[in-house]
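Step one of this worksheet: look at the structure below.
Just so it is clear, none of the values below were taken in a lab; they were calculated from the coordinates. It should be emphasised that the depicted structure is a prediction, and the values quoted were computed from it without experimental measurement. Positions of Cβ are generated from backbone atoms using ideal geometry, with glycine treated the same way; all protein chains shown enter the neighbour counts.
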Amino acid sequence: MSRHFVAYKNSSLHYCLWGTGNKLLLCLHGFGETASGFHVFEPFLHREYTIIAPDLPLHGETLWHDPLLFTAEDITAVIDSIPALHKRNFSLMGYSMGGRIALHLYQHMPGRIKELILIAPDGIKINIWYRFATQNRLGNIIFKYVMRNPRFFFWITRVLRKGGMINTGVYKYVHIHLQNADMRMQLYNIWTTMRRMKPDIRQIKSLIKANKTTVVLIYGRFDRVIRYTTGEQFRSGIESFCDLHILDAGHRLLTEKNAAVIATLL
């Protein structure tokens, strides 16, 4: 593995690079994750692929000194600042939050993306809480206040769980990841920064058909955060281009065991 930085505006974005293959694979990580999480694919793909994985803003070793906003234009500029990717076509892999960014990126440059690999992707199903917190000013103000004063937030999540409006998996995930102030502000900053990453699923499916793009969907059977049923819904109407694979796992799919299986699907 080699590590590199590219300058963009006032920031410095870090990325990892593995492999020596002729095919290019750009990997986008999930919330709170880093580029290094994709190292699990190196033993299985290093001969066929050159794998490039950036640390997204506010993650890993990337130093983000710009406003809390990251757009399709920004990530496109970053991609073309990476020598291995400059103006070239590539396969695109996104995990969790990175799946939402991958979908949005595909929407803006479908002709350059040869294959779309989505691992437990966010962004296919609209999350009303995410939309409220990021897509209007009042919601964002309330979101920031709640992250600084979480007692009411934790109470309301308990009420929602008892009422069946959120499942136990999401409830546990939220309470584990938002126990301290730093983690809560990290959530606020990242969600706010990524608020323009809003994939239009209907348009994306039309682009998949028009460009005959190969799509691979991978979910964990026991994932209670992002359920595989969203993949079934996404695949409807594009079955000839899109394969759905369900692994015996939860949401944490970037493991060596799962990578060995996923590598055979590419």
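Give the range 57-97 a look and list any residue that's touching a Leu at 6+ places or on another chain (Cβ under 7 Å) and in a loop (DSSP other than H, G, I, E, B), or say none.
Within the range 57-97, 62, 64, 84, 85, 88 meet the criteria.
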inquiry  = Need the failing condition index for residue 198 against (1) at positive phi; (2) in contact (Cβ under 8 Å) with a residue 12 or more places away in the chain; (3) of a type outside the set (Asp, Glu), just the number.
reply    = (1)
inquiry  = Suppose we filter 254, 217, 178, 266 for residues that are in contact (Cβ under 8 Å) with a residue 60 or more places away in the chain and more than 13 Å from residue 120 (Cα to Cα); which single one remains?
reply    = 266
key: Selected residue (criterion: nearest to residue 106 (Cα to Cα)) from residues of the range 182-201 that are under 15 Å from the mean Cα position of the chain (by Cα) and hydroxyl-bearing (Ser, Thr, Tyr)   = 193
message = It is to be established whether one or more residues within the range 131-147 are assigned to a loop (DSSP other than H, G, I, E, B) and in contact with a Lys or Arg (Cβ under 9 Å, 6 or more places away or on another chain).
response = yes
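Which residue out of 122, 55 is under 12 Å from the mean Cα position of the chain (by Cα) and over 30 Å from residue 212 (Cβ atoms)? Full working, then the answer.
Details: 122 fails: over 30 Å from residue 212 (Cβ atoms).
When all the criteria are applied, what remains is 55.
Please note which helices (runs of 4 or more DSSP H) are completely contained in the range 161-223 and include at least 2 residues that are within 30 Å of residue 261 (Cβ to Cβ). Steps first, please.
Working: elements: 168-177, 181-193, 201-211.
Hits in the range 161-223: 168-177, 201-211.
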ask   = What number of residues in the range 49-71 are in contact with a Lys or Arg (Cβ under 6 Å, 6 or more places away or on another chain) and surrounded by fewer than 18 Cβ atoms within 10 Å (Cβ to Cβ)?
value = 2
